[in-house]
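S.K.: If you scroll down you'll find the structure; I have some questions about it.
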Amino acid sequence: MAVTLGLDLGTSSARGVVLDPDLRVRATAERQYPLLSDRPGWSEQDPAHWWAAVCALLQELTGQLAGEEVLGIAFSGQMHGLVPLASDGGVLRNAILWNDQRTGREARIISDAVGDRELIRRTGNPAITGFQLPKILWLREHEPERFRRLSLALLPKDWLTLKLTGEAATEPSDASGCGCLNLEGGDWDDAVLAAVGLDRSILPPVRPTGSVVGRVTKAAAAETGLQAGVPVLAGAGDNAAANLALGLGTHRPGLGSLSLGTSGVIFAPLDAPEPDPEGRVHLFGHADGRYCLLGVTLAAGGSLAWFRRVMMNSASFERITELAEGTRPGAGGVTFHPYLSGERSPLLDPDLRGSFSGLSLATGPGELARAVLEGVAFSLLDVADVMRRSTRLTGLLALGGGAASDFWLQMFADVLKVEIMRPTGARDAAWGAALLAQHGVGAREGSGHEPGTGTVFRPGPADYRAARERYLLSRPASLP
């Protein structure tokens, strides 16, 4: 029996999957690591923590194999982060993550240097605080000594590939979230880089998604339990890998996905690179070699985690939804704006902050809980409304931890006015990375991996119109 391995480098943990040729999961493992945030708006991690987690995870996975040959391994991972390396390969500082908001000034510098519309035309996106390019400019401005030593800027999952193989590379689904990849050309945009005074030499070569980057070195084999020489393939950004695992691509027109993790994401596949003219939702490469629209609210499950910790004495997610179910749509007039980390799509404002409004003496825990759930749903309705101007969404497959709640998924169906479907089987970004490895080593051709559909949530009679109007009127910014 021959297998492939997929590893997903998440924001809170790394997860690994062993997949056999019949797409059965043979083994899984997970390891956690800390998030570092010592200033408001900052979000960092130590790559050494990632590597320790990945080594332990791979040792556990390979220990569960019973003589199976590992044909290949691929990573998926959190996008946009900056791992700055010196010429000797040493990490110069903690990685700056996707949800870090320190680079507002640098994003404006890029916008002024290139022009918003020209940047969207060339890269599919405006300058965003979370993207990697503003982080490189921040390093140049605020840590000049480290910038002088900068030899290579890598994305998180690509640094892990480097650790396994000694080879630096990236691929379009993740590189398109850097802010300087020309999507049509599929390579770094020299005009954008020149406009901000950078050279492509600090960026890795762009390889096709799923292509072989290198092979596991003897040193990496000793640390991970893998056999030296195993092919390591260019993986994909986490959302692209997860949606590949769901079979989402142009062969399933109109079907997208709703991801409810720390952030909330709506994903819609596209045939051609057609950005939103105002850049309110992202245009990225997809893991199938095509393209996708991606709209992100930064604090979906993150809002619930904050609410649980600060107001509910760390009550369970199930307890919070139970309280919310005991109240009516509209949360008794209470509105929550989930801008705890600023907001991405479609407001593109890192300085927004979350809020409750409409509180009264009659407000109880149930109304607060429902308001949080509704606020996240309304923030993703903002995303869906923009996407519907350029693509037709007939249904959404639900994934992520928040998709475990029937109550929340029914709320999304009612608010978004679209069918929400929970797929059968556990298919996530790590599963998608293992599938990419199968394709990359020639163990699988074509798609043939669409999951079945479990529970379907259809728009019902619940009326959220008044609550939606309050949400729009009380928000700290209007839609662009």
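S.K.: Largest first and to the nearest Å, give the Cα extent of the stretch 2-239 along each principal axis.
M.R.: Taking max minus min along each principal axis of the Cα atoms, the stretch 2-239 gives 57, 39, 29 Å.
S.K.: What residues qualify as long-range amide H neighbours of Glu171, i.e. H under 5 Å apart, gap of 5 or more or another chain, H built at 1.01 Å from N?
M.R.: Excluding prolines and chain starts, which carry no amide H, the hits are Arg207.
S.K.: If contacts are Cα pairs under 8 angstrom and at least 6 residues apart, what is the relative contact order of the chain in percent? It would help to have the intermediate numbers written out before the result.
M.R.: On the way: 1143 pairs, mean separation 77.9, N = 480.
After rounding, I find 16 percent.
S.K.: Any idea which of Leu293, Pro476, Pro365 is furthest toward the positive side of the dipole for the chain, if Lys and Arg beta-carbons carry +1 and Asp and Glu beta-carbons -1?
M.R.: Pro365
S.K.: With r defined as the distance between the Cβ atoms of Ser37 and Ala2 and R0 fixed at 30 Å, what FRET efficiency is calculated, to the nearest 0.05? Mind showing how you got there, number by number?
M.R.: Working: r = 42 Å, r/R0 = 1.40.
It comes out at approximately 0.10.
S.K.: Given that compact globular proteins tend to follow 2.2 N^0.38 Å, what is the ratio of the alpha-carbon Rg of the chain to that value?
M.R.: Values: Rg = 21.6 Å, N = 480, 2.2 N^0.38 = 23.0 Å.
In units of the 2.2 N^0.38 Å rule of thumb, it is 0.94.
S.K.: Once phi is turned into θ = phi - 60°, what whole-Hz ³J(HN,Hα) does the Karplus curve with 6.51, -1.76 and 1.60 give for every residue of the stretch 428-435, x standing for Gly and Pro?
M.R.: Values, residue by residue: 10, 5, 5, 4, x, 5, 5, 5 Hz.
S.K.: As an exercise, use a Förster radius of 30 Å and the Cβ-Cβ distance of Ser357 and Glu322 to find the FRET efficiency, rounded to the nearest 0.05. Could you put the intermediate results ahead of the total?
M.R.: Details: r = 24 Å, r/R0 = 0.80.
Calculated transfer efficiency: 0.80.
S.K.: Based on a Kirkwood Rh over C-alpha pairs, give the Stokes-Einstein translational diffusion coefficient of the stretch 129-246 at 20 °C and viscosity 1.002 mPa s in µm²/s.
M.R.: Details: Rh = 15.3 Å.
The Stokes-Einstein estimate is 140 µm²/s.
S.K.: From the helices alone, meaning DSSP H stretches of at least four residues, give me the mean residue ellipticity at 222 nm for the chain, per-run term -39500 (n - 2.57), in deg cm²/dmol to the nearest 500. Mind showing how you got there, number by number?
M.R.: On the way: 16 runs with 164 residues, N = 480.
Rounded to the nearest 500, the figure is -10000 deg cm²/dmol.
S.K.: A follow-up question, please. Report, by chain and number, residues whose modeled amide H sits under 5 Å from the one on Ala236, excluding near sequence neighbours (fewer than 5 apart, same chain).
M.R.: Phe75, Ser76, Gly77
S.K.: Scan around Leu270 for amide H atoms under 5 Å from its own, H built in the peptide plane at 1.01 Å from N, and keep only partners 5 or more places away or cross-chain.
M.R.: Long-range HN contacts for Leu270: Tyr291, Cys292, Leu293.
S.K.: Starting at the first residue of the stretch 292-303, write each ³J(HN,Hα) from the Karplus equation 6.51 cos²θ - 1.76 cosθ + 1.60 with θ = phi - 60°, in whole Hz, x for Gly and Pro.
M.R.: 7, 9, 9, x, 10, 9, 6, 10, 8, x, x, 5
S.K.: Starting from the Cα coordinates of the stretch 321-446, work out the convex hull volume and express it per residue in Å³. Mind showing how you got there, number by number?
M.R.: Numbers: hull volume 19.0 nm³, N = 126.
Normalising the Cα hull of the stretch 321-446 by residue number yields 151 Å³.
S.K.: Let me ask something additional. What is the antiparallel percent of DSSP beta bridges lying wholly in the chain, to the nearest 5? Working shown, then result.
M.R.: Details: 48 of 70 bridges.
Here the share of antiparallel DSSP bridges comes out near 70 percent.
S.K.: Using each residue's phi in the stretch 47-52, evaluate 6.51 cos²θ - 1.76 cosθ + 1.60 at θ = phi - 60° and report the 3J(HN,Hα) Karplus result to the nearest Hz, with x for Gly and Pro.
M.R.: For the stretch 47-52, the Karplus-derived couplings read x, 4, 5, 4, 5, 4 Hz, x marking Gly and Pro.
S.K.: Packing-wise, with mean Cβ within 10 Å as the measure, how do 177-187, 28-38 rank, highest first?
M.R.: Details: 177-187: 21.2, 28-38: 14.9.
Highest to lowest by the protection proxy: 177-187, 28-38.
S.K.: Once you place label points 7 Å from the Cα toward the Cβ at Asp88 and Thr394, how far apart are they in nm?
M.R.: Inter-label distance under the simple model: 5.9 nm.
S.K.: Explain nothing, just the number: dipole magnitude of the chain about its Cα centre with +1 on each Lys and Arg Cβ and -1 on each Asp and Glu Cβ, in debye rounded to the nearest 20.
M.R.: Values: 45 positive and 53 negative charges, 113 e Å.
I would put it at about 540 debye.
S.K.: Also, I was wondering about something else. Just to verify a number: FRET efficiency for Ala222 and Asp199, C-beta to C-beta distance, R0 = 35 Å, to 0.05?
M.R.: Details: r = 35 Å, r/R0 = 1.01.
According to the calculation, E is roughly 0.50.
S.K.: As a test, work out the antiparallel percent of DSSP beta bridges whose residues both lie in the stretch 2-239, rounded to the nearest 5. Working shown, then result.
M.R.: Values: 26 of 39 bridges.
Here the share of antiparallel DSSP bridges comes out near 65 percent.
Bear in mind that the values in this text are calculations on the coordinates, not laboratory data. Here the structure is a predicted model, which means the values were calculated and not measured. Cβ: placed from backbone, ideal geometry, glycine included. Neighbour counts: every protein chain shown.
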